[in-house]
Structures are given as C-alpha cells and as structure tokens.
Amino acid sequence: MKTLICIPALDTVHTMFFQSMEALRRPAGTSVSISSSSLVYDARNKLAQAAIDGGYDRVLWLDTDMRFNPDLIERFNADIDAGMEMVCALFFCRRAPVLPCIYHSCGIKDGMPSATAFDEIGDEPFPVQACGFAGVMMTGDLLRRVSEKFGQPFSPGFGFGEDLSFCLRAGELGARIWCDPRIKMDHIGYAVINETTWRAMKG
C-alpha cells in the first residue's frame with residue numbers, strides 16, 4: 001500500500017510540526033511531498049496531482065502549524081480500513097472564537113456561504129459535512145474521482161476556501177466525510193505579548 005503525506009507550505013514551518021514529523025511512524029510505502037506556494041489552494045492542487053500521478057492508495061494532508069502523535073498514520077489507517085473514504089482528526093481554530101474545525105452544515109444559506117461548527121463532540125467517529133484540512137486522510141480513489149469530475153479539486157468555490165470547497169465537491173459525489181475525535185491534533189497559534197499581558201500575569 002502506498003501512502004503520500006501531502007504538506008502545503010506557505011512561509012512558515014513550525015518547530016513543533018517538524019518535531020512531530022520526525023517522530024511520526026511511517027509504514028512501508030509512505031512518501032512525503034511538500035509544495036510551497038503563496039496560495040494554499042495552488043499548493044494543494046499540485047500535491048493532489050502528484051498523488052494521482054503516483055498512484056497512491058491513501059493521501060494524508062498535514063498543515064505545517066499542527067502538532068500530532070507518532071501513531072497518527074496508524075490511527076487514520078484503521079479508520080480507512082474500516083471503510084471510511086475520508087476522515088479528519090479533531091482540531092480547533094487557532095484564533096478566537098476557538099471552535100472545532102468540523103462542520104455539521106456547510107453550503108449556501110440566504111444567498112451567502114454559511115458553515116456551522118459542531119458545539120458538542122462525542123467519543124466515537126461521526127459524520128460531518130465539511131472539515132478543515134489540517135489533518136485529513138482520504139483514499140486515493142476519492143481524490144481521483146473529485147479531480148476527474150471537477151478538475152482542480154481544491155480551487156475555491158461556493159464562496160468557501162479550498163478545504164470546504166473540496167468537501168462540498170466530495171459530497172456531491174456521494175462521499176461521506178468523518179471526524180474521528182480519538183485522533184487529536186494541536187493547532188499551533190499565536191499570542192500578542194505586551195504590557196497588558198504582563199500586568200494581567202501580575203494580577
């Protein structure tokens with residue numbers, strides 16, 4: 001079985017991401033591809049084409065501002081083996097309001113794009129309509145089908161970014177997207193430190 005780890009890189013690769021990649025257990029047949037672009041959808045489209053051209057069975061998408069456990073691929077593989085075509089880990093927005101990057105509804109509402117995040121998370125895998133792509137595994141077959149039907153699978157559409165646009169395209173083809181909350185990933189965020197921060201810490 002061939003797996004491609006796809007990493008779209010903009011201008012920053014966090015140290016904790018690099019440490020996670022170093023510790024990540026990679027089964028035989030696993031390769032890594034990095035695409036750098038100022039446009040994340042362009043990087044994802046290039047990586048998608050590389051996965052299709054390479055005939056990969058499974059594609060793991062990882063963003064460079066994530067931290068994860070060494071057994072990440074094993075956990076994703078278990079879900080794909082169980083019949084899930086596409087599954088995301090549980091991760092959260094790195095800026096306020098901090099919400100899970102998984103959506104139970106996503107589409108056009110009153111003429112405007114609208115996505116509603118889950119506000120309760122269970123302990124077992126559950127279906128979602130859309131998700132962010134910071135940590136997602138899918139079958140190579142699903143990626144090929146979306147690409148064949150829609151051309152560049154990650155080009156923004158529907159008023160959404162590249163990640164939710166892909167999910168909506170996959171949904172049009174009847175694909176079911178899952179979130180596995182047992183697979184947890186940390187989103188590396190930013191904080192502004194100034195005198196107000198210092199005074200708040202002093203109490």
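Derivation of every value follows stated rules applied to the coordinates shown; laboratory data play no part. As the structure is a prediction and not an experimental result, all values here were calculated from the model. All Cβ positions, even for glycine, are placed from backbone atoms using ideal geometry, and neighbour counts span all protein chains on display.
Under 9 Å between Cβ atoms, at least 6 apart or on separate chains: pull out the pairs that start in the stretch 131-145 with a residue that is at positive phi and end on any residue that is assigned to a strand (DSSP E or B) and surrounded by fewer than 23 Cβ atoms within 10 Å (Cβ to Cβ).
Within 9 Å, no pair qualifies.
Are any residues in the stretch 100-116 in a loop (DSSP other than H, G, I, E, B) and surrounded by fewer than 14 Cβ atoms within 10 Å (Cβ to Cβ), and if so, which ones? Quick ask: steps written out before the conclusion?
We begin by selecting, within the stretch 100-116, every residue in a loop (DSSP other than H, G, I, E, B); these are 101, 110-111.
Scanning the stretch 100-116 gives Asp110, Gly111.
List the helices (runs of 4 or more DSSP H) that sit entirely inside the stretch 6-92 and contain at least 1 residues that are under 24 Å from Val146 (Cβ atoms).
Working: elements: 15-23, 40-53, 72-81.
It comes to 40-53, 72-81.
Hey, any hits in the stretch 40-47 for a residue that's among the charged types (D, E, K, R) and under 21 Å from Ala130 (Cα atoms)?
Taking every residue of the stretch 40-47 in turn, at least one turns out to be among the charged types (D, E, K, R) and under 21 Å from Ala130 (Cα atoms).
When you look at Arg58, is it surrounded by 16 or more Cβ atoms within 10 Å (Cβ to Cβ), in contact (Cβ under 8 Å) with a residue 40 or more places away in the chain, touching a Lys or Arg at 6+ places or on another chain (Cβ under 9 Å) and of a type in the set (Lys, Arg), yes or no? Write out each step before concluding.
Working: surrounded by 16 or more Cβ atoms within 10 Å (Cβ to Cβ): yes; in contact (Cβ under 8 Å) with a residue 40 or more places away in the chain: yes; touching a Lys or Arg at 6+ places or on another chain (Cβ under 9 Å): yes; of a type in the set (Lys, Arg): yes.
Yes.
So the check is Cβ under 7 Å with 6+ separation or different chains; which pairs have a first residue in the stretch 18-39 that's on the phi > 0 side of the Ramachandran plot and a second one that's β-branched (Val, Ile, Thr) and surrounded by 12 or more Cβ atoms within 10 Å (Cβ to Cβ)?
Gly29/Thr3
Any chance the stretch 164-179 includes a residue that's more than 19 Å from the chain's Cα centre (by Cα), within 30 Å of Thr15 (Cα to Cα) and in a helix (DSSP H, G or I)?
no
Being in contact with a Cys (Cβ under 9 Å, 6 or more places away or on another chain), of a type in the set (A, V, I, L, M, F, W, C) and over 13 Å from Cys179 (Cα atoms) is the filter; apply it to the stretch 120-165 and report the residue that is surrounded by the most Cβ atoms within 10 Å (Cβ to Cβ). Before the answer, list the steps.
Let us first name the residues in the stretch 120-165 that are in contact with a Cys (Cβ under 9 Å, 6 or more places away or on another chain), namely 121, 125-137, 158, 160, 163-164.
The next check asks that each one be of a type in the set (A, V, I, L, M, F, W, C); those that pass are 121, 126, 128, 130-131, 133-134, 136-137, 158, 160, 164.
Narrowing further to those that are over 13 Å from Cys179 (Cα atoms): 158, 160, 164.
Values: Phe158: 14, Phe160: 20, Leu164: 24.
Taking the candidates together, the pick is Leu164.
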